[in-house]
Amino acid sequence: MSNTIENIKCLIIGSGPAGYTAAIYAARANMYPVLYQGTQPGGQLTTTNEVENFPGYVDGVTGPEMMVQLQQQAQRFGTDVRDGWATKVHFSGDIHKVWINDTKEIHCETVIISTGATAKYLGLPSEQYYLQTGGGVSACAVCDGFFYRNQEVVIVGAGDSACEEAHYLAKLCTKVTMLVRKNEFRASKIMVDRVQKTPNIEILYNTETEEVLGDGQLVTGVRVVNNVTKEVREISCTGFFVAIGHHPNTDIFKEFIDLDETGYIKYAQPGSSKTNVTGVFVSGDAADKTYRQAITAAGTGCMAALDAERYLASLH
Ligand code: NDP
């Protein structure tokens, strides 16, 4: 452990729309925020293609472009944006301790948690094998779809993410097979319409993945089962995309912060960003399993910075 302890007013953990919006507000309020970007700088939006529903972008914007702009806006007001991720916390008393990369210790008057959520996988050994080897399993069509141009791919999931990613892949790939485990989608109607109308997307309902097939190095197909007829079939593909939801990145806080049964941080007070620990606030997907939008994350980032500012004012 490093012997040098840094003392700061406001630490922001995470670099999605929540974290950067909190940083913009905190920096403009002279809280001298330090923001650690975490393991995925820019957060989940860096894996999103076109963002069309964030107000102010008439013609849309790509996720990565928007995150660069948010970072620059936060830095313009003096936010200290750093590489690294929080690996341990100790929240008790007025000073909150956070360790970065298991070495650097920071003592903070306020902490804003904006750690977001991470993609879920099916958990099949074959899926994990080809994920680790980079042989053809991915949870991000926008990141990896390019590698499967003019090839056939399979995507599992039935929510808005799966529809968005299937549609994105259909522009690059010759064929996209979508595996939906029920006989209906969970996604919004407009997204379902879009995939249903795309000629090179085939939707297989009541269909679950049994195994990802490959030659030891690369994915060559998927074995699936129809959970109604019990018919088993193999679909050849070179890419297997998983789009089945996310897990909140809150594990390091669970000893101190109240979480719900699925790991999302609980707000201590409705209509605020307060957690059960005084001086620790939460914003974005780490506490939001309902809306999970860039705009709602940004909104709660603003709330967290304002709540932190008011808390600091009450101390001094
Ligand atoms: P969701 O939780 O909405 O959907 C997850 C999907 O994965 C469900 O259809 C679920 O199936 C399926 N699933 C889960 N586990 C398995 C499994 N083991 N095998 C097969 N299928 C499985 O997650 P999303 O990431 O799609 O969306 C998260 C939130 O973000 C939502 O609120 C969504 O509306 C929003 N969003 C909005 C977008 C937009 O507006 N542009 C784009 C992307 C997301 P089942 O239905 O059977 O439970």
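The values are calculated or read from the model by the stated rules, or taken from the named source; none is laboratory data. Please read these numbers as outputs of a predicted model, since none were measured by experiment. Note that each Cβ is placed from the backbone with ideal geometry, even for glycine, and that neighbours are counted across all protein chains shown. Surface areas here come from the heavy atoms of the whole protein model, side chains and all, with no ligands, DNA or RNA. Shrake-Rupley method; radii C 1.70, N 1.55, O 1.52, S 1.80 Å.
Quick one: in the range 241-259, of everything that is within 30 Å of Asp94 (Cα to Cα) and part of a strand (DSSP E or B), which residue is least open to solvent (accessible area, probe 1.4 Å)?
In this case the residue turns out to be Pro248.
In the range 269-309, what count of residues is obtained for those that are in a loop (DSSP other than H, G, I, E, B) and open to solvent by 60 Å² or more (accessible area, probe 1.4 Å)? Outline the logic, then answer.
The initial filter retains those residues of the range 269-309 that are in a loop (DSSP other than H, G, I, E, B), namely 269-273, 275-279, 283, 287-293.
Keeping just the survivors that are open to solvent by 60 Å² or more (accessible area, probe 1.4 Å) gives 269-271, 276, 278, 289-293.
Final tally of qualifying residues: 10.
The set of residues in the range 185-223 that are part of a strand (DSSP E or B), of a type in the set (A, V, I, L, M, F, W, C), open to solvent by 30 Å² or more (accessible area, probe 1.4 Å) and in contact (Cβ under 8 Å) with a residue 60 or more places away in the chain contains only Leu213.
Scanning the range 224-240 for residues that are open to solvent by 70 Å² or more (accessible area, probe 1.4 Å), without any contact (Cβ under 8 Å) to a residue 24 or more places away in the chain and either in a strand (DSSP E or B) or within 10 Å of Glu127 (Cα to Cα) (or both) turns up Val232, Arg233, Glu234.
Just one of the numbered conditions (1) more than 21 Å from Thr118 (Cα to Cα); (2) within 13 Å of the ligand (Cβ to nearest atom); (3) touching a Cys at 6+ places or on another chain (Cβ under 6 Å) is not true of Tyr148: (2).
Take Val142 and tell me if it is aliphatic (A, V, I, L, M), assigned to a strand (DSSP E or B) and either under 25 Å from Glu52 (Cα atoms) or away from the ligand (no atom under 15 Å from the Cβ) (or both). Judged against the criteria, Val142 is not a match. Of all the criteria given as (1) at pLDDT 95 or above; (2) in contact with a Ser or Thr (Cβ under 8 Å, 6 or more places away or on another chain), the one not satisfied by Gly245 is (1). If you filter the range 254-291 down to residues that are modelled with pLDDT of 95 or more and hydroxyl-bearing (Ser, Thr, Tyr), you find that the one that is nearest to Ala18 (Cα to Cα) is Ser283.
Out of the range 163-184, which residues are in a strand (DSSP E or B) and either in contact with a helix residue (DSSP H, G or I) (Cβ under 8 Å, 6 or more places away or on another chain) or within 11 Å of the ligand (Cβ to nearest atom) (or both)? Listed by number, the residues that qualify are Val176, Met178, Leu179.
Does Val61 satisfy being within 16 Å of the ligand (Cβ to nearest atom), free of Cβ contacts under 8 Å to residues at least 12 places away in the same chain and open to solvent by less than 70 Å² (accessible area, probe 1.4 Å)?
Yes, satisfied.
Applying the criterion of at least 2 residues that are of a type outside the set (Gly, Ala, Ser) and farther than 24 Å from Val277 by Cα to the strands (runs of 3 or more DSSP E) found wholly in the range 28-92 leaves 80-82. The residues listed here are Ser92, Ser114; of these, the one that is open to solvent by 20 Å² or more (accessible area, probe 1.4 Å) and touching a residue at least 12 places away in the same chain (Cβ under 8 Å) is Ser92. Of all residues assigned to the range 151-162, at least one qualifies as being open to solvent by 40 Å² or more (accessible area, probe 1.4 Å), part of a strand (DSSP E or B) and not polar (S, T, N, Q).
What's the total number of residues in the range 288-316 that are among the small types (Gly, Ala, Ser) and without any contact (Cβ under 8 Å) to a residue 40 or more places away in the chain?
First pass over the range 288-316, keeping only residues among the small types (Gly, Ala, Ser): 294, 297-299, 301, 304-305, 308, 313-314.
Keeping just the survivors that are without any contact (Cβ under 8 Å) to a residue 40 or more places away in the chain gives 313-314.
Qualifying residue count, the range 288-316: 2.
Among the residues of the range 112-139, those that are away from the ligand (no atom under 16 Å from the Cβ) and in a loop (DSSP other than H, G, I, E, B) comprise Ser114, Thr115, Thr133, Gly134, Gly135, Gly136.
Rundown of residues vs (1) of a type outside the set (Gly, Ala, Ser); (2) surrounded by fewer than 21 Cβ atoms within 10 Å (Cβ to Cβ); (3) modelled with pLDDT of 95 or more; (4) within 16 Å of the chain's Cα centre (by Cα), yes/no style:
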| position | (1), (2), (3), (4) |
| --- | --- |
| Ile12 | yes, no, yes, no |
| Pro17 | yes, no, yes, yes |
| Arg28 | yes, yes, yes, no |
| Tyr36 | yes, no, yes, yes |
| Thr46 | yes, yes, no, yes |
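In the range 170-182, the count of residues that are of a type outside the set (Asp, Glu), at pLDDT 95 or above and within 21 Å of the chain's Cα centre (by Cα) is zero.
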